[in-house]
Amino acid sequence: MANMGLNHASLNTRPLIDGFARRVDYIRVSVTDRCDFRCQYCMSEHVNFLPKADLLSLEELERLCGVFVARGVRKIRLTGGEPLVRRGVMNLVRGLSRHVESGALRELTLTTNGSQLDRFAAELAACGVKRINVSLDTLDAEKFRAITRWGALPRVLAGIDAAQAAGLRIKINCVALKGINEDEFIPLVEWAHGRGMDLTFIEAMPLGEDAAGNIEHFVSLGEVAGRLSEKFSLKPSAHSSGGPARYFEMAETGRRIGFITPLSHNFCETCNRVRVTCTGELYTCLGQEDRTDLRAPLRASADDRLLNAAIDRALAAKKRGHEFAAQAFGDQTPHQRPMSLTGG
């Protein structure tokens, strides 16, 4: 792939600082809105995907990421949809790996549903990817099929096997769902930790066409922590993965447990990340509708000055925080934008 991220004529190295003096050093880049699952809290079963012509090319995504790296981004997470279903996605991973090799990028990683890991795990490791997040909400095959609608648990478990065999560190992400997987919180921790994987619980968020349904299944992670504390000792950890999770050490297993709590205890005051969609829209907050088109300035010129100016405007307008709690509990209307459109 052509080296499109270094436009020396317009190289901008100013750090990305928002209007509240928060430094952005982490971007989540969606490479596709498509997925081979239809998780209930993420997208509708009969979703209409974007026309392929609307998506940024892999070359454009690489150039865009290069602009962010030049301005101090140290972590890039590839997301979707399911990032590994995008045709040719490993060309992008290989292109971005040069930033890891140079030391400009501290980490290149991705979040995946695990369905394609048996095909790509070894190549991801060869490109400098050290760890990945795998979304997994249950170890019950029938329940897994019900949550994902199209997914097969054995295939995901085989993908996890392949990733570990390739030397990738794995963190399991589990959405806590009232009435669905509440009985599995302790078994999931025991399974993940028993395989040498950390686990992070995530609260259901009021996003998408069925935002109200998501909130019906909301369970506070304070309650989850309480249940885990009945069996395990949880000690606050200073560990940070660069994202929103708060971590605790479990003496009994020697591993960490994480909690991402957008509703019960937001983490906006330390927000260090933005999201770029597969169509080139920059969202400075998952819980806000504000977005900035980066595709037009990206395509307007080979010079990155217009692109940097658009990024600067977006950062200056970044809000102090999201309003998920108000949207979840009736004070505001939830956003209809599905998680799969913004990027997980």
In the set Ala162, Ala176, Ala212, which member is farther than 18 Å from Ile260 by Cα, at pLDDT below 95 and either open to solvent by 10 Å² or more (accessible area, probe 1.4 Å) or hydrophobic (A, V, I, L, M, F, W, C) (or both)? Ala212
Is one or more of the residues making up the range 10-21 within 28 Å of Lys319 (Cα to Cα), surrounded by fewer than 16 Cβ atoms within 10 Å (Cβ to Cβ) and without any contact (Cβ under 8 Å) to a residue 24 or more places away in the chain? yes
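Residue-by-condition table, conditions (1) hydrophobic (A, V, I, L, M, F, W, C); (2) open to solvent by 30 Å² or more (accessible area, probe 1.4 Å); (3) in contact with a Pro (Cβ under 8 Å, 6 or more places away or on another chain):
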| residue | (1), (2), (3) |
| --- | --- |
| Leu221 | yes, no, no |
| Gly226 | no, yes, no |
| Phe232 | yes, no, no |
| Lys235 | no, yes, no |
| Ala238 | yes, yes, no |
| Gly243 | no, no, no |
| Thr253 | no, yes, no |
| Arg256 | no, yes, no |
| Glu269 | no, yes, no |
Inside the range 220-263, the number of residues satisfying the requirement of being over 24 Å from Ile27 (Cα atoms) and touching a residue at least 60 places away in the same chain (Cβ under 8 Å) is 4
Surrounded by 20 or more Cβ atoms within 10 Å (Cβ to Cβ) and hydroxyl-bearing (Ser, Thr, Tyr) - does that describe any residue in the range 54-61? no
The range 34-52 residues that are farther than 12 Å from Val85 by Cβ, paired with ones that are in a loop (DSSP other than H, G, I, E, B) and among the hydroxyl-bearing types (Ser, Thr, Tyr) (beta carbon under 9 Å, 6 or more apart): Arg38/Ser44; Leu50/Thr32; Leu50/Thr279
Does the range 80-96 hold any residues that are of a type in the set (Val, Ile, Thr) and either surrounded by fewer than 22 Cβ atoms within 10 Å (Cβ to Cβ) or in contact with a Ser or Thr (Cβ under 9 Å, 6 or more places away or on another chain) (or both), and which are they? Val85, Val89
Report every pair of residues separated by at least 6 positions or lying on different chains whose Cβ atoms are under 6 Å apart, first residue within the range 311-329 and under 16 Å from Leu64 (Cα atoms) and outside any loop (DSSP other than H, G, I, E, B), second of a type outside the set (Gly, Ala, Ser) and modelled with pLDDT of 95 or more. Ala314/Leu282; Ala314/Thr292; Leu315/Leu16
How many residues are among the hydrophobic types (A, V, I, L, M, F, W, C), under 21 Å from Leu306 (Cα atoms) and part of a loop (DSSP other than H, G, I, E, B) if we restrict to the range 11-33? 3
Long-range neighbours under 6 Å by Cβ, at least six apart or interchain, first residue under 14 Å from Phe232 (Cβ atoms) within the range 177-197, second assigned to a helix (DSSP H, G or I): Phe185/Val224; Phe185/Arg227
For the range 62-79, what are the residues that are touching an Asp or Glu at 6+ places or on another chain (Cβ under 6 Å) and surrounded by fewer than 22 Cβ atoms within 10 Å (Cβ to Cβ)? Gly72, Arg74, Lys75
Looking at (1) closer than 17 Å to Gly81 by Cβ; (2) touching a residue at least 40 places away in the same chain (Cβ under 8 Å); (3) open to solvent by 20 Å² or more (accessible area, probe 1.4 Å); (4) touching a helix residue (DSSP H, G or I) at 6+ places or on another chain (Cβ under 7 Å), find the lone condition where Gln116 falls short. (3)
Quick check on my filter: what residues within the range 135-154 are of a type outside the set (Gly, Ala, Ser) and either open to solvent by less than 10 Å² (accessible area, probe 1.4 Å) or under 21 Å from the mean Cα position of the chain (by Cα) (or both)? Leu136, Asp137, Thr138, Phe144, Ile147, Thr148, Arg149, Trp150, Leu153
Scan the range 61-73 and give yes if some residue there is part of a helix (DSSP H, G or I), under 19 Å from the mean Cα position of the chain (by Cα), more than 23 Å from Asp18 (Cα to Cα) and among the aliphatic types (A, V, I, L, M), otherwise no. no
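The values are calculated or read from the model by the stated rules, or taken from the named source; none is laboratory data. Note that the coordinates shown come from a computational prediction; the quantities given were computed from them, not determined experimentally. Because the Cβ atoms are built from the backbone with ideal geometry, glycine has one as well, and the counts that use them run over all protein chains shown. Quick note on the areas: whole protein, heavy atoms, side chains included, nothing else; ligands and nucleic acids left out. Shrake-Rupley method; radii C 1.70, N 1.55, O 1.52, S 1.80 Å.
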